[in-house]
1. How much length is gained if the chain between R169 and A108 is pulled fully straight, taking 0.36 nm per residue apart and subtracting their Cα-Cα distance, in nm to one decimal?
2. Which aspartates and glutamates, if any, have their Cα less than 14 Å from the Cα of K216, not counting same-chain residues under 8 positions apart?
3. Of the listed values [x] -0.38, -0.60, -0.82; [y] -0.33, -0.53, -0.75; [z] -0.22, -0.38, -0.58, grab the one calculated as log10 I(q)/I(0) by the Debye sum over Cα atoms at q = 0.07, 0.09, 0.11 Å⁻¹ from the structure here.
4. First measure r as the distance between the Cβ atoms of Y152 and K277, then evaluate 1/(1 + (r/R0)^6) with R0 = 35 Å and state the FRET efficiency to the nearest 0.05.
5. Considering only the range 133-289, what is the antiparallel percent among its DSSP beta bridges, to the nearest 5?
6. In terms of Cα to Cα distance under 21 Å, which lysines are near enough to K275, apart from those fewer than 8 places away along the same chain?
7. Compute, for the range 167-289, the length of the dipole vector about the Cα centre, with Cβ point charges of +1 (Lys, Arg) and -1 (Asp, Glu) only. Units Debye, rounded to 20.
8. What does DSSP give for the chain in terms of the percent of beta bridges that are antiparallel, rounded to the nearest 5?
Amino acid sequence: MNNWDDIRYFLAVTRSGSVSGAAKVLGVNHSTVTRRIQSFEEKHGVMLFNRQRDGYEMTDAAFTILEQAQQIEEQTQQISRTLYGRDSRLEGPISLTMTHDLFEYCLAQDLQEFQEEYPAIQLNLTVNPGLRNLASREADLAIRLTQAPPEYLVGHKVAGLQHGIYTSRNWAADEPVPVVQWSSEDQLPEWAQEHVPGAFTAMRVDTLSSMYAAVKAGFGVARMHCYMPDGIEGDEVMKLPVSLPRSDWSVWVLSHTDLRKTRRVQRCREFLLQKLKLKQGLFEGELSG
């Protein structure tokens, strides 16, 4: 009978394509992954990977068991979620995931309040811009800005999102106008072409907090979600009198459907929904000056 850990290590290597990538995902060192894969191969007398200079390449034998390994993974995760979903204790760990700016500028104080109210619940936070895999319990609760969450998640839409064009309070409205934009944007964004005469790219960033800091420092103008600049005390950054359409993205609190009755997850979800609802006007740009 195969050990589940053998399957887990096998899948990690197939997905990452390397031992180092699998080690990072699994939270172990490089040698542990190498040893487990070698042991798995020796146990069955078959090579699962060809060792290449640039990574591990799956053999035909690996491809023949891949689908079965994925099914075993899903069944194991289902067992874990089912048992966890019946946990009625208001104690133990909860894994949360959200972006850095949502935590730091919107929810840090609220979560400290939750911890004071429920000291036996341990909050484990992962600050990550992507949607962590809630099916495999990489996180129990996620707060995400998204258009529509996956169907296997229980989703509660908290608020819509509004954008604004912001600049430093000391900025002089002369042409040409420098623009701070996302690193994923190869060209000048449409909003800049439409609303900012003489616009040119001054800086590219990959986080909202970096964008805010760049605007505050005077690098140029930027289109940002209203909740961050409007929620920060001080008048260093101001919103320009430009009307932008409402975003089709929203703020969601998400969890896996199997965890909807886990008492501590349920209580934390209700708490987050309550706190975020109080900030609805902030997310929807109603507090913009």
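The values are calculated or read from the model by the stated rules, or taken from the named source; none is laboratory data. Note that the structure is a prediction, hence the values are computed from the model and not measured. Please note: Cβ atoms are built from the backbone with ideal geometry, for glycine as well, and neighbour counts cover all protein chains shown. Calculation scope for accessible area: heavy atoms of the full protein, side chains included, ligands and nucleic acids excluded. Shrake-Rupley method; radii C 1.70, N 1.55, O 1.52, S 1.80 Å.
1. Values: separation 61, 0.36 × 61 = 21.96 nm, distance 2.69 nm.
Length gained, R169 through A108: 19.3 nm.
2. D230, E233, D235, E236
3. [x]
4. Working: r = 24 Å, r/R0 = 0.70.
Approximately 0.90, to the nearest 0.05.
5. On the way: 19 of 26 bridges.
Taking every DSSP beta bridge with both residues in the range 133-289, the antiparallel ones total about 75 percent.
6. Excluding near neighbours in sequence, the set is K157, K261.
7. The calculation lands at about 1080 debye.
8. On the way: 23 of 39 bridges.
Here the antiparallel bridges make up roughly 60 percent for the chain.
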